[in-house]
Every structure is written in C-alpha cells, then in structure tokens.
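First the structure, in the form of structure tokens, and then the observations on it.
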Amino acid sequence: MPKEIEKKEINKKVKTKEIKKPKEEVKTKETKETKKEVKKKVKKVEKKKEINRYYESQGRRKTSVARVRIWSSKDNDEFLINKKPLNKYFPNFVLQEVAKASLKKMGLESNFKVSVIVKGGGLFSQAEAIRHGIARSLVDFNSEFRKKLKKAGYLTRDSRMRERKKFGLKRARKSPRWSKR
C-alpha cells in the first residue's frame, strides 16, 4: 500500500509541474507584449500633453467663479465662455473688453486660445472673474507678467460681497418703517 500511495503522489507532482510550465511561459510572453504596448501608449500621451499643454486657474468676483484654461497657439485665437464665443456670451462691447483686459495689457490677444467655465453672479461680475482668472493663468505661463498685471489690479480679488440680511430688518441695514403706535 505505501508504494501505491507514493506512486500516486509522484504522478500528481509530475502532472502539476507539466501543467504549470506552459501557463508560466504564456504569461511571460503576454506581460512582455503588454509592457511594450503600455510604453508606446505612454509616449503617445506624453507627446499629446506637450502639444495640448494648458494653464488653468480660477478667478472670482462677488459670487462669480470662473475656471479659465489658456493654450498658447499662434494660429487659433479662440475665446469660448461656457462653450459659446465671447461675442455671443457677452453681447455688450464693454463686457468683452473687461474679459479680455488682462490679455490686452500684456499684448497677447491673438497668441492664446481661451476656454472658460463661469458660474454665479451677474454679467459684469462674471466678466471681472474671467479677467482675474486669465491674469492668474498668465502668471503661471510666465512669472515675469506678475509685476505688470499686479500694478493694473488684475491679480487682486475684489472681495466686496453683499452683506447678509439681519433679523428684525428688511435688508442688511434697512429698518422697517417707524410708527409711533
């Protein structure tokens, strides 16, 4: 009996070794191929990042928040706000000038493609938030622009906000009409 058990154990070991060897070989071939493919994909992504490198920042004014992305491009001077062109989003010429002011100050109007997502507040507040965000991203692009933009006041966040309403009053400070009785 002990000889039969030993033979079965030996047969099991031999079978398991035979089964394991081909699987290991297949795995190593697959991993080598996948590693090469991954390296190629990483190189492609790195090249795309170099081409499509953008500078992102946030600008704020009152309750408006603008997320600004700028790409350096000589051919395309596109200016999109919430996926609309600038002149469609801000039909008023003054608001267009306020939004572009930081680019104009540096003389880079046609050198950048700008994409903005803006929320909250009114139109003028949104335009100033965009100006603030563009100024911040220009400083990320080139730190030498900081001095000129700071002097113009485009890098300082205008922190004036609406005061909250207090209880017992009609608005923040307006009291109800006084009556003697």
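Extending 7 Å from the Cα toward the beta-carbon at both Arg53 and Asn111 defines two label points whose distance is 1.5 nm. What distance in nm lies between label points placed 7 Å from Cα along the C-beta direction at Leu123 and Ser72? A separation of 3.5 nm, rounded to one decimal place. Distance between the 7 Å Cα→Cβ label points at Lys36 and Arg181: 10.2 nm.
Give me the number: length gained by fully extending Phe167 to Asn92, i.e. 0.36 nm times residue separation minus the C-alpha to C-alpha distance, one decimal in nm.
Numbers: separation 75, 0.36 × 75 = 27.00 nm, distance 3.83 nm.
Stretched out fully, the Phe167 to Asn92 stretch lengthens by 23.2 nm.
Derived scalar couplings between HN and Hα for the range 100-108 equal 8, 3, 5, 5, 5, 4, 8, x, 10 Hz in order, rounded to whole Hz, by the Karplus curve 6.51 cos²θ - 1.76 cosθ + 1.60 (θ = phi - 60°), x for Gly and Pro.
Read the figures in this text as sums done on the coordinates, not as results from a lab. Predicted, not measured: the structure shown is a model, and the values here were computed from it. Don't worry about glycine lacking a Cβ; one is built from the backbone with ideal geometry, like all the others, and counts go over all protein chains shown.
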